[in-house]
Amino acid sequence: MTTFDPCNQPGLRPYLDAKQDMLSQLDKVSKSELVSLDQLLNRILADDLLSPIDVPSFANSAMDGYALRAEDVQEGTALTLIGTSLAGQPFNGRVGTGECVRIMTGAALPLGADAVVMQENCRSEHNFISPQGTITEGQNVRQPAEDLTQGERVFTAGTRINARVLAVLSSLGLEQLYVRRPLTVALLSTGDELKTPGELLGPGDIYDSNRIGIRAMLQRLGVTVLDYGIIKDDPALIRQALVKAASEADAIVTSGGVSVGDADYIKQVLDEVGRIGFWKLAIKPGKPFAFGQINDCPFFGLPGNPVSAAVTFHLLVRPALAKLAGEPLPAPVTLQATALMPFKKTPGRMDFQRGCVSTQADGSLGVVAAGAQSSGVFSAMAQANCLLHLEQDRGNVAEGEHVTLELIDGLYW
């Protein structure tokens, strides 16, 4: 028997349809700025980056050993040691017939040499070195431009600069680059019941965890946050805050007030001062998500339930902010796993349940629920390392069935 779900109402917008529609209405912020290397982490490249140099710029040794001419190495050959090449202190002479040079990893390959034999494969006696085994030309040598060629495109515009990208930029000798200016996002919560952590709770009050969590996610994305704090459930105050935010920010993110309760005024005010793109999606959690615009400033209204707010931010706001910032955001990588327990699911909405996935003894992936799946239980959400993507028309998931999931551990949230 199918369980009745009061949220499965006709006309709910399918998730992917709503996401595509929303992204089609957004344009990237075009301004860029010149930033020094030490400030580039987590910024977004404004232009394609072409390598200004060859990397490496000279032939060098891939290991500690001896630089020599490969054709000189024959069984029983003893080569005369004529010098040393260190990283930053190259050997200035030339390796001739029957000669070799002691060389360290990263040191420049001397003129005349065309191979390096590792020191473990050599026998040393006085100033003579006897290589063992077969040596071929180019062996253990890093050739010029083996990594990057001058003029080659290294990164495309829109690349987010993480530690790995930053290391490459450093290897190119770049001191500064043009990057997109950080987005400015206005953030606020609505609700008479909300209190800031540290304040005393009155009857029916709760602490405002949504704004703190969303602010942290925005900061991890390199966004400049204008925190408007908690706005009371008063249409005039909400209207004033939204109009001000639209004049100061590239986007607005709110939490709460988007449902159908008597004190949920966000939709009403958004209708008055801007326009609503869509409201109510066929997803769980997060059905009462709202998207719209106020004077060309995109508006994202997150639900008040903590899990719903976090999940809809990840699913919808994160891609939208990437579009505004000029950052191409690929679709999330999804994996298949076996349900190690039953999952309750009612057909009608796409369900993003929180799970804990792990590798089983046979090497396959297995997943269990990360605690209670209520949209108000964030403590369980904090334990999750994945989101299950349970299809809109799917019903209950039996133990042993395959499910699609997205890893979230280690991401910005």
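The values are calculated or read from the model by the stated rules, or taken from the named source; none is laboratory data. Keep in mind it's a predicted model, so treat the numbers as computed, not measured. Every residue, glycine among them, receives a Cβ derived from its backbone with ideal geometry; neighbour counts consider all protein chains shown. Heads up: the accessible areas ignore ligands, DNA and RNA and are worked out on the full protein's heavy atoms, side chains in. Shrake-Rupley method; radii C 1.70, N 1.55, O 1.52, S 1.80 Å.
Which residues, counting only those in segment 12-33, are open to solvent by less than 50 Å² (accessible area, probe 1.4 Å), farther than 19 Å from Gly326 by Cβ and part of a helix (DSSP H, G or I)?
Within segment 12-33, Tyr15, Ala18, Asp21 meet the criteria.
I'd like to check which strands (runs of 3 or more DSSP E) are fully inside segment 61-180 and have at least 1 residues that are among the aromatic types (Phe, Trp, Tyr) and over 30 Å from Leu45 (Cα atoms).
By residue number, 65-68, 128-131.
Which numbered condition in (1) farther than 24 Å from Leu221 by Cα; (2) open to solvent by less than 60 Å² (accessible area, probe 1.4 Å) is the only one that Asp393 fails?
Result: Asp393 passes all but (2).
From Gly191, Gly198, grab the single residue that is out of contact with any Leu (no Cβ under 7 Å at 6 or more places or on another chain) and open to solvent by 50 Å² or more (accessible area, probe 1.4 Å).
Sole residue among the options that is out of contact with any Leu (no Cβ under 7 Å at 6 or more places or on another chain) and open to solvent by 50 Å² or more (accessible area, probe 1.4 Å): Gly198.
Could you please let me know if Val269 is of a type in the set (A, V, I, L, M, F, W, C), open to solvent by 30 Å² or more (accessible area, probe 1.4 Å) and at pLDDT below 95?
no
When you look at Ile238, is it under 18 Å from Phe299 (Cα atoms) and assigned to a helix (DSSP H, G or I), yes or no?
The answer is yes for Ile238.
For segment 84-116, name all the residues that are without any contact (Cβ under 8 Å) to a residue 40 or more places away in the chain, among the small types (Gly, Ala, Ser) and either touching an Asp or Glu at 6+ places or on another chain (Cβ under 9 Å) or exposed (fewer than 15 other Cβ atoms within 10 Å of the Cβ) (or both).
Ala87, Gly88, Gly93, Gly96, Gly98
Suppose the filter is at pLDDT 95 or above and on the phi > 0 side of the Ramachandran plot; does Gly133 pass it?
No.
Can you say whether Phe300 is buried (at least 20 other Cβ atoms within 10 Å of the Cβ) and either among the hydrophobic types (A, V, I, L, M, F, W, C) or free of Cβ contacts under 8 Å to residues at least 40 places away in the same chain (or both), as far as the supplied structure shows?
Taking the combined requirement at face value, the residue satisfies it.
Please specify each residue of segment 324-375 satisfying the condition of being surrounded by fewer than 16 Cβ atoms within 10 Å (Cβ to Cβ), β-branched (Val, Ile, Thr) and closer than 22 Å to Ala282 by Cβ.
Result: Thr334, single match.
Does segment 139-150 include one or more residues that are more than 19 Å from the chain's Cα centre (by Cα), among the hydroxyl-bearing types (Ser, Thr, Tyr) and open to solvent by less than 40 Å² (accessible area, probe 1.4 Å)?
Scanning segment 139-150, I find no residue that is more than 19 Å from the chain's Cα centre (by Cα), among the hydroxyl-bearing types (Ser, Thr, Tyr) and open to solvent by less than 40 Å² (accessible area, probe 1.4 Å), so the answer is no.
Given the options Gln74, Gln39, name the one that is without any contact (Cβ under 8 Å) to a residue 12 or more places away in the chain, surrounded by fewer than 16 Cβ atoms within 10 Å (Cβ to Cβ) and under 34 Å from the mean Cα position of the chain (by Cα).
Answer to the check: Gln39.
For Lys287, only one of the following conditions fails: (1) open to solvent by 60 Å² or more (accessible area, probe 1.4 Å); (2) closer than 27 Å to Met381 by Cα. What is its number?
The number of the failed condition is (1).
Looking at Arg211, Arg215 in this structure, which one is assigned to a helix (DSSP H, G or I), surrounded by 22 or more Cβ atoms within 10 Å (Cβ to Cβ) and touching a Leu at 6+ places or on another chain (Cβ under 8 Å)?
Matching residue, one of Arg211, Arg215: Arg211.
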